[in-house]
Structures are given as structure tokens and as C-alpha cells.
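Visitor: The structure is given below, and queries will be raised subsequently.
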Number of protein chains: 2
Amino acid sequence: MTPIKMSLDDIGRLSLNAFIHNGFSLKQASAIADVVTRAEADNCASHGLYRVPGYVSAVLAGRANGLAEPTVAQQAPSVLRVDGDGGFAPLAVDTGCPDLIALARRQGIAAMAIGNTHHFSALWADLEPIVDAGLVVWCFVVGQCAVAPHGGTHRLMGTNPIGFGWPRPNGGAFIFDFATSAAARGEVELKRLSNERIPQGWGIDAKGRPTTDPAEALAGALLPFGGHKGSALSMMVELIAGPLIREKTSSEVAQLGISDGGPPPGGELFVVVDPTAFGSDARTVGEAFFKEATAQAGVRLPSARRHAARMKSRESGVEVPLQLVREIEDLCRS
Amino acid sequence: MTPIKMSLDDIGRLSLNAFIHNGFSLKQASAIADVVTRAEADNCASHGLYRVPGYVSAVLAGRANGLAEPTVAQQAPSVLRVDGDGGFAPLAVDTGCPDLIALARRQGIAAMAIGNTHHFSALWADLEPIVDAGLVVWCFVVGQCAVAPHGGTHRLMGTNPIGFGWPRPNGGAFIFDFATSAAARGEVELKRLSNERIPQGWGIDAKGRPTTDPAEALAGALLPFGGHKGSALSMMVELIAGPLIREKTSSEVAQLGISDGGPPPGGELFVVVDPTAFGSDARTVGEAFFKEATAQAGVRLPSARRHAARMKSRESGVEVPLQLVREIEDLCRS
């Protein structure tokens, strides 16, 4: 794959154009182009330009609403619900976030459910505006059905990521965002393409037997990270980002048989805490802990690598696969 | 260790007597005896009678307040704080729970911080009354400083358990409660006593090198479960059940040099969601998922083993080590 260097501005414009030329409203297109660009800036290629064709195909297939106008409703004194109007999560999140931040500050804790939408972006991107407001936040999304429960033999759960954010001084943040599967589907696909084996514990074959063959695991199921503990966390995400918020479980989504490569329908749950309600200032109270953690050689805080990449990308742009850029340029001409 | 059979009533009475005879108020003693008895009933010996001498020694050492009178205060419209008055968590939790349940029902989501207390019990015991009220709940506690961060060389974090509960029909529940370390300290101690090796990934020696020698790991540090993901979760617990609620981190507690074998000072954070605020009834909406999960041979839901043990214990009592019973009986005579 030949790489090509692009500035972040160019990446944003390219994504925006692809969406606009394929029936997305400017609002939907801008919100998605923003998360795509931020993913490229943070060196998370798996959530960057790579996702643009999927967003487009979901609209072209008539499955997702590129013109969606999300709306926010208060469901209880400390609970909001955003109806994504069948569009994509980034605009739904942007629409609800200011109200969510204000509500958490007023109530001390608040939750926001996003429903009737399609989630295809990284959770850290959803967390950042809330952390930047000095708040502590979790979010949860049901991913594509690909993971067998611990001890099980076939797919039941999504890759079900968990995100957590904690504010730090000077705009810094402690943010993590990881799939509750041992490995992402993409990682297993890369191993298959390069004819490598996968480690024990990543997957099982179609008969439920442990395998180190990536093709067999892709035909069978991935496994949760961390054995029964990761499996329990994955089940938790399935419940709270699925039925709790009146959205489908990943296995119910799998039964829809979606094959356009775009984001599945689903929702997202946010829980936001205002540290001042607990009498503390999260921007400073964690610093002694972080200092002690990073004093140990070999310890890296979860968001450190992304932040370093961001600084570099803003200065000198990022490398992206030329073939992917050509594919997206073609979408702008269709 | 010779076992002796005891009824749950006898276990409750024995614990209660030990506390009463050592300067605990009836309220403190009853609340702790209840969680001790429930742990024995659920076959969680590590949180049962085994903990009674530690509770007593913390009071005899003048460190914990056996006469504590916890109080509840509202810190924000959806946030409560219980001041444990230097006593133990069970009474502090019991004191705050009715208000927490009422607040979550009124607001849709609520949080409760417990501070100025000593936590020594299983999290599932804290979750059950809230789940029984039809609510979804998380809780978090900073454990004893014993765990090195992923990639690190020495102790920084506690065993930092995470608990989650989801209500099911007919008083059932999906509840998990696990340490974010790969293994509990007690499990490593048992391996040492039986001259066994521990699996790779459980611990490192005092120089930060991987070890399968339990004695070396006990002198060094345990490791988080699930590599960098479990490590991130452990850091999260350290932050939200420590400084966020104005309690110490596990390494700050370690610096106190407590050696009486009793529970360390610390707090607990609860987050409670009322499913009806999201338009769903958690007692029923998860059932299709659980049915699908347990249809797979080999899949066991997290609380299944405890619930089976409970049914059996109520009928026929439990076996406990005679030596431990004698030790607690001695505490009743002192």
C-alpha cells in the first residue's frame, strides 16, 4: 500500500466532500468529517478515512439517514435521550453534549442515552468534549457481534468498547477506550493477510475449539479479553448500551444481515460525573497518582501515545494509503 | 484444617458476639455480621468468618470506630455522601442505601460516595439491595496496594474491585464483582502454602521481573488482569473511589503502615440507574440475552454459582474451619 502525506485540513475536506456528494446534510457531514480527521490525527487509522466508504454505503443502501436531525429530550431530572433520527452518532453526540454537560454540572451526575443512530467512531472522540469541560465520563457502545462469552462456543456479544475519561490540568486528559474482546477484528484480519498465527486466547473456530489460525477465528468467534472478567464486562455493555436504552443487542443486529460494510444500528450510553459535587477538583486531585504511575519505567498512560501523535500530525500531517484516498475521491465524483 | 458444620444462624450469632464483646455497637455489629453470614452462605469464605478477627483487631488497635454512627448528606441534586464516622462500610452502606434508591428513582441516575470508613466485605453484598429494588448499579472500592501497573515494576494500585448488578425477574440478579488484579492476594498465598507455582501473568518479583514463584510475587507485586486493559480499569477505580471522593489512593494508604490485619481506611462509589428513566424495565429486557448466553454449553452467568451455594447453605448450613471458629470464640471471651 503506497502511502501519501496529507494535512489534517485536507483529510477533513476530503471526508466532508465524500459525504456531501452522497446525500449527507452539511451538519451530518461536518460532524463525521471531524471525528474522521481527529482519528487520523491521533494515528487511529482504523477509525479514520478507512471508515468513510462505510458511512457512505450505509446511506446509499438507504439504511442510514444522511439528512438526520437529532433531537434531545429530558427523560428524567438527570437523564437525557438523544434521538439520532436514523443518522450517525457524531452529530447525535454533538447535539446532546452541551445539555449533558450542563445537566451533570447542575445535578452532580447525569446520563445520556443516544438511540436510533449508527455508531462507527472511536469512543475517545465522544469523551473528549466532556472531559475538556472538567467532568469525569464513561461511555459504552454495543459493537458488531463477533465475540463468544467465556466458556462458550459461538458468537453472542459485540466487541463492546468501554470508554472512560478523567480531566487533567492544562487541557490534558486521562482517557481510555478499548474493545472488551481480546483483539479487534481488524487485528485478526491483518494477521490473516500476513499469514501469521494469532496468540492463544484471541479466538475459537466455528466448532468452538481454541485456534491460532486467524481465518478459523474469523469464521468462528473472537474471545473476550481477560477471561471471565472481560466476558462479564462485555455482557454488561451488551445490557446497558442495548436493552437498557431500548436498543438491540449485537446478536439481534446480526440477524438483520447487514452487508454494506457500514456502521450497524445501535446506541450509546454516557454517564457523566461532576467532581465538584463530590467536593474535589478532578483536574488536580489525580495528578499525584499519575506522577507516581509514570515514575515507573515502562508505564504509559492510556492516552499518551495518541496525544503525542496529535502534536506531530498537526505540524506535519499524516500518511494515509493512496489507494484509500483514490477510493474516497471516486466517491466525490459519483 | 478440620471443618465443622454450622448453620447460617450460628454463623451470624458467632460473628455478632465477637463484635459486641469487642466494643462494637449493636448496629455496627449487626451490619457486619450480616455481610459475613451472607458471604459464608454464598460460599465466599474469603469474605466470611475469615474476616472477623480483622474487623475486631482494627477496633482494638483504635484505628476503626466500632461505635460509629454514619450520616447521609446530599451534596448535589443527584449525589449523596455518607460519612462513615470512622466505622465499617456495611452500616455506612445500609444507612445510605434507602436514600440512594429513592434518589435514583426520582432523578433517573444517582451517585453515592461513602467516605471515612473501612471496607472489608464483598461488593456483591453491597449491590444486592439496590438490584432487588429493580435498579442497575455499579460500585467501586480501592483495595490494598498490591498491584503494579501494566509495564511497571512495582506496586501502585490496589486490587480495586468493580461490581455491577442488573435485576432479573422473581428476585434474580445478574451480579459480578471482581478484583482488577489477575488473582487475589489470597489465591497467591494458597499457592505458596501448597508449594505450587503461579501462572505466568499473575505477578512480578521485587525487581519487577515476571515470576511464577508465589513467594516472590508476594514480595513483589501482583499484575492486573487482562494486560493494559485491566490496568486501565484498575487506574480508573483508583481515581474514582479515591481522590474523586476525597479518599486516599491505595499507595497513600500503604504509607500508613497498617499491620493489624484489619480493613484499610477508604471509601466506595456507587452509581445507580433507574431503567424506567430510559423507558425500559431491566427486570425483563435482559432476559432474551441471558437465555441466549446460557443456551451455550459451558457459559455460566457470574452470580450463578453463588446463588446455587446460597440455596444449599440455607438448607444444610456450611462447613467452616474449626480452628477459625475457635479463634472467634476466643474473641467472644476476651
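All of the numbers you see were taken from the coordinates with simple rules; none came from a lab. In this text the structure is predicted, and so the values were computed from the model without any measurement. Cβ sites come from the backbone with ideal geometry, for glycine too, and all protein chains shown count toward neighbours.
Visitor: With viscosity set to 1.002 mPa s and temperature to 20 °C, compute the Stokes-Einstein D of region B:1-65, Rh being the Kirkwood radius across alpha carbon pairs; µm²/s, no decimals.
Guide: Numbers: Rh = 11.9 Å.
It diffuses with D of about 180 µm²/s by this estimate.
Visitor: Multiplying the sequence separation of B:R333 and B:H154 by 0.36 nm and subtracting their Cα-Cα distance, what value in nm do you get? Spell out each step's value before the answer.
Guide: Working: separation 179, 0.36 × 179 = 64.44 nm, distance 4.19 nm.
Taking B:R333 through B:H154 to full extension adds about 60.2 nm, to one decimal.
Visitor: Label B:E315 and B:K207 with points 7 Å out from Cα along Cα→Cβ: what is the distance between them in nm?
Guide: Spacing of the two 7 Å Cα→Cβ label points: 5.6 nm.
Visitor: Another one. With respect to the symmetry axis carrying chain B onto chain A, which residue of chain B exhibits the smallest Cβ distance to that axis, and what is the value in whole Å?
Guide: Looking at chain B's Cβ atoms against the axis toward A, the nearest is B:G226, 1.
Visitor: Could you give the Stokes-Einstein D for region A:95-161 in µm² per second, using the C-alpha Kirkwood radius, 4 °C, 1.567 mPa s?
Guide: Numbers: Rh = 13.9 Å.
The Stokes-Einstein estimate is 93 µm²/s.
Visitor: Provide a whole-number value for the mean count of partner chain Cβ atoms within 10 Å of the Cβ atoms in peptide B:287-300. Before the final figure, lay out each step's value.
Guide: Values: counts 1, 5, 11, 2, 0, 6, 9, 2, 3, 9, 4, 7, 9, 6.
The shielding value for this peptide is 5.
Visitor: Residues with amide H under 5 Å of A:F120's amide H, sequence separation 5 or more or different chain, H placed in the peptide plane at 1.01 Å from N; which?
Guide: A:A89
Visitor: Now for a separate question. So how strong a dipole does the protein assembly as shown carry about its Cα centre when Lys and Arg Cβ are +1 and Asp and Glu Cβ are -1, to the nearest 20 debye?
Guide: 720
Visitor: Give the nm distances, rounded to one decimal, from B:E327 to the matching residue in every other copy, measuring between label points 7 Å along Cα toward the beta carbon; shortest first.
Guide: Reported distances to equivalent positions: 6.3 nm.
Visitor: So, with +1 on the Cβ of K and R and -1 on the Cβ of D and E, and no other charges, what is the size of the charge dipole of region A:167-263 about its Cα centre, to the nearest 20 debye?
Guide: Details: 10 positive and 11 negative charges, 48 e Å.
Dipole about the Cα centre, nearest 20: 240 debye.
Visitor: Step through the residues of region A:17-27 one at a time and calculate ³J(HN,Hα) from phi using the Karplus curve (6.51 cos²θ - 1.76 cosθ + 1.60, θ = phi - 60°), rounding each to whole Hz and writing x for Gly and Pro.
Guide: 4, 4, 5, 4, 6, 10, x, 8, 5, 4, 5
Visitor: Classify region B:233-334 from the C-alpha gyration tensor, please: rounded if a/c falls under 1.5, else prolate or oblate depending on whether a/b exceeds b/c. Provide the component values of the computation, followed by the final result.
Guide: Details: a/c = 2.54, a/b = 1.21, b/c = 2.11.
Judged from the Cα gyration tensor, region B:233-334 comes out oblate (a/c at least 1.5, b/c at or above a/b).
Visitor: Quick one: net charge around A:V273, please, counting Lys, Arg +1 and Asp, Glu -1 for every other residue with C-beta under 14 Å from its C-beta. Could you put the intermediate results ahead of the total?
Guide: On the way: positive: A:R105, A:R106, A:R283, B:R81, B:R246; negative: A:D274, A:D281.
Here the charged neighbours net out to +3.
Visitor: Can you figure out the FRET efficiency of B:Q255 with B:H228, using R₀ = 30 Å and their beta-carbon distance, to the nearest 0.05? Numbers along the way, then the final one.
Guide: On the way: r = 26 Å, r/R0 = 0.88.
Efficiency for this residue pair is about 0.70.
Visitor: Summarise the partner chain shielding of B:147-154 as one whole number: the mean count of Cβ atoms from other chains within 10 Å of each residue's Cβ. Spell out each step's value before the answer.
Guide: Values: counts 0, 3, 8, 4, 6, 8, 4, 2.
Taking all residues of B:147-154 together, the mean is 4.
Visitor: Something else: Taking the dipole about the Cα centre of region B:58-194, with the C-beta of Lys and Arg at +1 and of Asp and Glu at -1, give me whichever of B:V82, B:H119, B:H150 is farthest to the positive side.
Guide: Positive-end residue among those listed: B:H150.
Visitor: Explain nothing, just compute: Karplus ³J(HN,Hα) = 6.51 cos²θ - 1.76 cosθ + 1.60, θ = phi - 60°, for every residue of region B:280-297 in order, whole Hz, x for Gly and Pro.
Guide: Whole-Hz 3J(HN,Hα) from phi for region B:280-297: 10, 10, 4, 5, 10, 5, x, 5, 4, 5, 5, 4, 5, 5, 7, 5, 7, 4.
Visitor: Once a ≥ b ≥ c are taken as the square roots of the eigenvalues of the Cα gyration tensor of region A:70-215, is the result rounded (a/c under 1.5), prolate (a/b larger than b/c) or oblate (a/b not larger than b/c)?
Guide: On the way: a/c = 2.64, a/b = 2.01, b/c = 1.32.
It comes out prolate by the Cα gyration axes.
Visitor: I've got another one for you. If the label for B:A297 sits 7 angstrom from Cα along the Cα-to-Cβ line, what are its distances to the same label in every other copy, in nm to one decimal, shortest first?
Guide: 5.1
Visitor: Set the Förster distance to 22 Å, then compute FRET efficiency between B:E196 and B:A219 from the Cβ-Cβ distance, nearest 0.05.
Guide: Numbers: r = 17 Å, r/R0 = 0.77.
FRET efficiency, B:E196 to B:A219: 0.85.
Visitor: Further, regarding this structure: Quick check on my link table: of A:K191/A:K229; A:K312/B:K207; A:K5/A:K27; B:K27/B:K191, which ones sit more than 30 Å apart, alpha carbon to alpha carbon?
Guide: Beyond 30 Å between Cα atoms: A:K312/B:K207; B:K27/B:K191.
Visitor: With the cut-off at 1.5 for a/c, could you classify region B:31-122 from its C-alpha gyration tensor as rounded, prolate or oblate?
Guide: Details: a/c = 3.25, a/b = 1.56, b/c = 2.08.
The shape class here is oblate.
Visitor: Using only the alpha carbons of chain A, what is the convex hull's orientation-averaged projected area in square nanometres?
Guide: Details: hull surface 69.1 nm².
About 17.3 nm², averaged over all directions.
Visitor: Full extension from B:Q323 to B:T71: what is 0.36 nm times the residue separation minus their Cα-Cα distance, to one decimal in nm?
Guide: Numbers: separation 252, 0.36 × 252 = 90.72 nm, distance 3.73 nm.
Full-extension gain reported as 87.0 nm.
Visitor: Given Cβ point charges of +1 (Lys, Arg) and -1 (Asp, Glu) and nothing else, what value in debye, to the nearest 20, does the dipole of chain A about its Cα centre take?
Guide: 480
Visitor: Let me see the pair-distance distribution of the protein assembly as shown: every alpha carbon pair, 20 Å bin width, integer percents in order.
Guide: 18, 53, 25, 4, 0
Visitor: Same structure, new question: Could you work out [θ]222 nm for chain A from helices alone, using -39500 (n - 2.57) per DSSP H run of at least four and dividing by all its residues? Round to the nearest 500 deg cm²/dmol. Could the numbers behind the result be given before it?
Guide: Working: 13 runs with 138 residues, N = 334.
Mean residue ellipticity, 222 nm, calculated: -12500 deg cm²/dmol.
Visitor: Once the label point is set 7 Å along the Cα-to-beta-carbon vector, what list of distances in nm do you get between B:I4 and its counterparts in the other copies?
Guide: For B:I4, the inter-copy label distances come out at 8.1 nm.
Visitor: Put a dot 7 Å past each Cα toward the Cβ at B:T294 and A:A304; how far apart are the dots in nm?
Guide: For A:A304 paired with B:T294, the spin-label model returns 4.5 nm.
Visitor: What is the spread of the Cα atoms of region B:178-279 along each of their three principal axes, largest first, in whole Å?
Guide: Sorted from largest, the Cα extents of region B:178-279 read 53, 34, 23 Å.
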